[in-house]
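Each remark here refers to the structure printed beneath this line.
The values are calculated or read from the model by the stated rules, or taken from the named source; none is laboratory data. If you're wondering where the values come from, they're calculated on a predicted model, not measured in any experiment. For neighbour counting, all protein chains shown are included, and Cβ atoms are generated from backbone atoms with ideal geometry for every residue, glycine included. With ligands, DNA and RNA removed, areas are computed over all heavy atoms of the protein, side chains included. Shrake-Rupley method; radii C 1.70, N 1.55, O 1.52, S 1.80 Å.
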Amino acid sequence: MHALFAGAVILGALPASTFAAEPLPAAKAAAHKFNIPAGLLSSAIARFVAESGTYVSANGALTDGKHSQGVQGNLSAQDALSRLLAGTGLEAVVQANGSYVLRVAPIVASTLPTVNVISDASSASDLPKPFAGGQVAKASRMGVLGNVDLFDTPFSTQSFTEEFVQDQQSRRVADIISVDPSVRSAMAEYGDSETYIIRGFPLFVNQVGVNGLYGMTEGRRITPEFYERVDVLKGPASMLNGITPFGVVGGNINLTSKRAGDEPLTRVTGSYISDSQAGMHLDLARRFGENKEWGMRLNVLKRDGDTPIAQQDDHMKNAALAIDYRGAKLKASLDVANQDRLTNGYSANINYNQGFALPRPPENDKNFVNDWEYIKTNAKYWMARAEYEFSPAFTAYANYGASEGDEEYFYAGSQARRLTNSAGDFTARAGGFKGSYEVDTYDVGLRGRLMLGDVSNNYAVSYSDFSRKGYGSTVNATGVYTGNIYNTPHLPRPTVNYGVIPQNADLQLSSIGIVNTFGFIDDKVLFTLGVRRQELFSGVFASGVRTKNYDESKVTPAAALLVKLGSYSLYTNYSEGLAQGATAVAGTSNQGAILPPSVTKQVEGGVKYNAGTFGLTAALFQISQPSTYTNSSNLFVADGEQRNRGLELSTFGQPFRGVRLLGGITLIDAKQTKTLNGINDGKDAIGVPKVNVVLNGEYDLFGIPGLTLTGRINAFSSAQADVGNTQSIPRWTTLDAGARYAMQVSGKAVTLRFNVINVTDKSYWNSVSRSFITMGAPRTALLSATVDF
């Protein structure tokens, strides 16, 4: 990692090199289908070579720092290349062998050529353009502030693109964001849900936002094929995003729905996942109207078959429709989606007792649940948004969403299983759960930019409201039985009668926030200050009857400073996160009482370096979160604390021509403080590895245009499993590898992708969190073919 970052910094100081490869024959004059987005000229040329099979040679100094407006549609190679070079001051000269060489375009007579000026500036709601390499975006969503440039953001953020999602063949959001070393998945590949760990603290799947609204995602797993951006904000930020359902402290994730681009899109992807899952994905987009004001994008996905794990199969059928209008002043959109999923023999978490070393993990393709154990979910949502720009200083918006879902799971070994010794023996019982939920939410606000003297002001004011009602019933169908995680059980399926499904939750959240970023010295110094008042109301239920109400309010501030020095951005921030207080556990003197809201505090400082084609970031942070315990008076109190201190080093972009790197290293020192009688003060917190390394790499083989080799290394140190630090899971390292090939077949753009997850088929405990451990993924082969018609 030292060599990686040192080399990347040195690269910025080296003179640009020429493109060096044996010239290949140019493609014939026949039209090719091009889909090259706007971005760095060097990246656009690389895509052109891959999609046309026509070789282009240029001195790197000519293309450095230049941007292309991209090109889409059926064109000859010559016409497409001319459009890519429009406004760059360069021209392509055809060679005898059919290849092209770039040179500075001559100025004819005394008349200057027409120059097309392409600006990266966009409104706070526009989709940010890709950064060099296409894997991440130049900006990410910053809550009420909208989209903010990565190097103008005084927080640690990342925004993953649709292109990266496709090339990774991601099946869930965890596959995308786990390339960040500060973000991990805490659940098994085919488990009952997704849970993410950000800077050592959990974030649950129903706390992920969609277009800025919470509660829209499916309650167990998210379909990444619906979205064209996945934004991650590391650290608590209640002021920017408002309180999420059930609270969140480590960070924030927001998904941006796909929208139709200017060019028609008919994309079909066929996929195969070992052991025998076959899938088909249709992505269809069109724009209509004189100025293409109206857009429609449809995504339909179906996948069925056996997973790499014994006695396990997975089935899904999902669809999403997005309609949008983009006028000169008015922008509006409507999104609807439906998701159905069934997993039989789903992978399960394992609880454990204390007083013994945790057993070694089972073989990762073995299953210790019965094939009749399943989880079945259905979720649907619809969202409507409207935004009107009265002037650059005043934009108003309104966002509304509603969702509902049903879930049912039947369990034996997959729930309530508890390890009792190092030999892998466990106790469990069979039963089932059936439930549903309804969500209704909206937010309205004002946003704009104005000048007060020499000081710029980017301000935002918002009000949000969230309501969720939940219903559920758990039935234990058998008594306690025993088993072993190294043996596959074959228990008879019991009968479960749920009866009337009672209400078990009523959550109401509302907040009002105001924030402003002051810009000094031509926006080279940016100071952000904001505050949000939040109200929490929750009902406490027993057997469907409301027994208590929880009604609290809290003000959470945030402040941040960013200073730009050439290609460097230095920043620091203070922010807070807010979560509903914990409920006193059974057996305590205040059993059933709900504690006041929990406030998590973060202090962070860092530096970001923009080299044009790649970026480097470094951040130091401290997050303090209250923790609970039962004191000597048998009262359940929130007097403890978990304090995570860390260092993040990350890289992204294209440091060399044809080489893309994404990932880095995170070091975290997570300690317990203020524990009961100080007995565990200074001991490691549960489930937080001290060393986290993830590095994803891609290399284009220019000798074979269109062929790219890919790989990823994932390495994590051991993690403690109990507060006394007497139990732990061992360190683990896995390697992923793959390749993709982009080509033209009968005038159609075709991309073949092949990835292998966990190449060495290592068996390992993936994570420990909230008193359970989860299995790592077995070796998994992913194969897909994408055709743009």
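Go through the stretch 599-647 residue by residue and tally those that are more than 25 Å from the chain's Cα centre (by Cα), in a strand (DSSP E or B) and small (Gly, Ala, Ser).
Summing the residues that are more than 25 Å from the chain's Cα centre (by Cα), in a strand (DSSP E or B) and small (Gly, Ala, Ser) in the stretch 599-647 gives 3.
Every residue, every condition in (1) touching a strand residue (DSSP E or B) at 6+ places or on another chain (Cβ under 9 Å); (2) touching a residue at least 40 places away in the same chain (Cβ under 8 Å), yes or no:
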| residue | (1), (2) |
| --- | --- |
| Arg326 | yes, no |
| Lys329 | yes, yes |
| Gln339 | yes, yes |
| Gln354 | no, yes |
| Trp372 | yes, yes |
| Asn378 | yes, yes |
| Phe394 | yes, yes |
| Tyr400 | yes, yes |
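Taking the conditions exactly as written (in a strand (DSSP E or B), open to solvent by 10 Å² or more (accessible area, probe 1.4 Å) and either farther than 29 Å from Lys129 by Cβ or at pLDDT below 90 (or both)), does Ile197 satisfy them or not?
For Ile197, the condition - in a strand (DSSP E or B), open to solvent by 10 Å² or more (accessible area, probe 1.4 Å) and either farther than 29 Å from Lys129 by Cβ or at pLDDT below 90 (or both) - is met.
Pairs please, first residue from the stretch 472-493 and free of Cβ contacts under 8 Å to residues at least 12 places away in the same chain, second anywhere and loosely packed, with under 14 Cβ neighbours inside 10 Å and not in a strand (DSSP E or B), Cβ atoms under 6 Å, 6+ apart in sequence or on different chains.
Partner pairs satisfying both residue conditions: none exist.
Restricting to the stretch 555-564, name every residue that is among the hydrophobic types (A, V, I, L, M, F, W, C), more than 25 Å from the chain's Cα centre (by Cα) and at pLDDT 95 or above.
Those that are among the hydrophobic types (A, V, I, L, M, F, W, C), more than 25 Å from the chain's Cα centre (by Cα) and at pLDDT 95 or above: Leu561, Val563.
Among the residues of the stretch 200-214 satisfying the criterion of being modelled with pLDDT of 90 or more and open to solvent by 10 Å² or more (accessible area, probe 1.4 Å), which is nearest to Val694 (Cα to Cα)?
In this case the residue turns out to be Gly200.
Which of the numbered conditions does Gly513 fail, given that it passes all the others? Conditions: (1) at pLDDT 90 or above; (2) surrounded by fewer than 19 Cβ atoms within 10 Å (Cβ to Cβ); (3) farther than 26 Å from Gly653 by Cβ; (4) not aromatic (Phe, Trp, Tyr).
The single condition Gly513 does not satisfy is (2).
In a strand (DSSP E or B) and open to solvent by 20 Å² or more (accessible area, probe 1.4 Å): is that true of Gly261 in this structure?
no
Considering only the stretch 147-191, give the strands (runs of 3 or more DSSP E) lying wholly within it that have at least 3 residues that are touching a residue at least 60 places away in the same chain (Cβ under 8 Å).
156-161, 183-185
Can you find even one residue in the stretch 491-500 that is open to solvent by 30 Å² or more (accessible area, probe 1.4 Å) and polar (S, T, N, Q)?
yes
What are the pairs, 6+ residues apart or on separate chains, where a residue within the stretch 724-751 that is without any contact (Cβ under 8 Å) to a residue 12 or more places away in the chain has its Cβ under 6 Å from a residue that is surrounded by 14 or more Cβ atoms within 10 Å (Cβ to Cβ)?
none
Please work out if Lys683 is modelled with pLDDT of 90 or more and within 25 Å of Ala558 (Cβ to Cβ).
Taking the combined requirement at face value, the residue does not satisfy it.
Scan the strands (runs of 3 or more DSSP E) fully inside the stretch 389-474 and keep the ones with 1 or more residues being surrounded by fewer than 18 Cβ atoms within 10 Å (Cβ to Cβ) and at pLDDT 95 or above.
So the answer is 394-411, 431-452.
Only one of (1) open to solvent by 50 Å² or more (accessible area, probe 1.4 Å); (2) part of a strand (DSSP E or B) fails for Asp681. Which number is that?
So the condition that Asp681 fails would be (2).
Name the single residue, out of those in the stretch 259-292 being at pLDDT 95 or above and of a type in the set (D, E, K, R), that is nearest to the chain's Cα centre (by Cα).
So the residue we want is Arg259.
Return yes when Thr482 is of a type in the set (S, T, N, Q), more than 36 Å from the chain's Cα centre (by Cα) and over 19 Å from Ala560 (Cβ atoms) and no when it is not.
Yes, satisfied.
Out of everything in the stretch 695-720 that is in contact (Cβ under 8 Å) with a residue 40 or more places away in the chain and under 30 Å from Lys683 (Cα atoms), what residue ends up being surrounded by the most Cβ atoms within 10 Å (Cβ to Cβ)?
The residue in question is Ala719.
Restricting the first residue to the stretch 254-280 and requiring it to be of a type in the set (Phe, Trp, Tyr), which pairs with a second residue that is open to solvent by 50 Å² or more (accessible area, probe 1.4 Å) meet a Cβ separation below 7 Å and a spacing of at least six or different chains?
Tyr272/Ala278; Tyr272/Leu783
Do we have any residue at all in the stretch 227-246 that's among the β-branched types (Val, Ile, Thr), part of a loop (DSSP other than H, G, I, E, B) and closer than 23 Å to Asn766 by Cα?
For the stretch 227-246, residues among the β-branched types (Val, Ile, Thr), part of a loop (DSSP other than H, G, I, E, B) and closer than 23 Å to Asn766 by Cα: absent.
Please find, within the stretch 554-577, the residue that is least open to solvent (accessible area, probe 1.4 Å) out of those that are in a strand (DSSP E or B) and farther than 30 Å from Ser598 by Cβ.
Only one residue tops the list, namely Ser569.
Among the residues of the stretch 354-378, write down those that are over 23 Å from Thr760 (Cα atoms) and either at pLDDT below 90 or not in a loop (DSSP other than H, G, I, E, B) (or both).
The answer is Gln354, Val369, Asn370, Asp371, Trp372, Glu373, Tyr374, Ile375, Lys376, Thr377, Asn378.
The conditions are (1) part of a helix (DSSP H, G or I); (2) open to solvent by 60 Å² or more (accessible area, probe 1.4 Å); (3) modelled with pLDDT under 75, and Asp79 fails exactly one of them. Which is it?
Going through the list (1) part of a helix (DSSP H, G or I); (2) open to solvent by 60 Å² or more (accessible area, probe 1.4 Å); (3) modelled with pLDDT under 75, Asp79 breaks only (3).
Look at Leu330 and say whether it is among the aliphatic types (A, V, I, L, M), modelled with pLDDT of 95 or more and open to solvent by 50 Å² or more (accessible area, probe 1.4 Å).
Yes, satisfied.
Considering only the stretch 721-736, state which residues are at pLDDT 95 or above, out of contact with any Leu (no Cβ under 8 Å at 6 or more places or on another chain) and open to solvent by less than 40 Å² (accessible area, probe 1.4 Å).
Trp732, Thr734, Asp736, listed by residue number.
Just checking, which of Gly664, Gly687 is touching a strand residue (DSSP E or B) at 6+ places or on another chain (Cβ under 6 Å) and part of a strand (DSSP E or B)?
Sole residue among the options that is touching a strand residue (DSSP E or B) at 6+ places or on another chain (Cβ under 6 Å) and part of a strand (DSSP E or B): Gly664.
In the stretch 305-320, how many residues are without any contact (Cβ under 8 Å) to a residue 40 or more places away in the chain and open to solvent by 50 Å² or more (accessible area, probe 1.4 Å)?
Summing the residues that are without any contact (Cβ under 8 Å) to a residue 40 or more places away in the chain and open to solvent by 50 Å² or more (accessible area, probe 1.4 Å) in the stretch 305-320 gives 3.
Just one of Val759, Val787, Val768, Val693 is in a strand (DSSP E or B) and more than 25 Å from Glu648 (Cα to Cα); which is it?
It is Val787.
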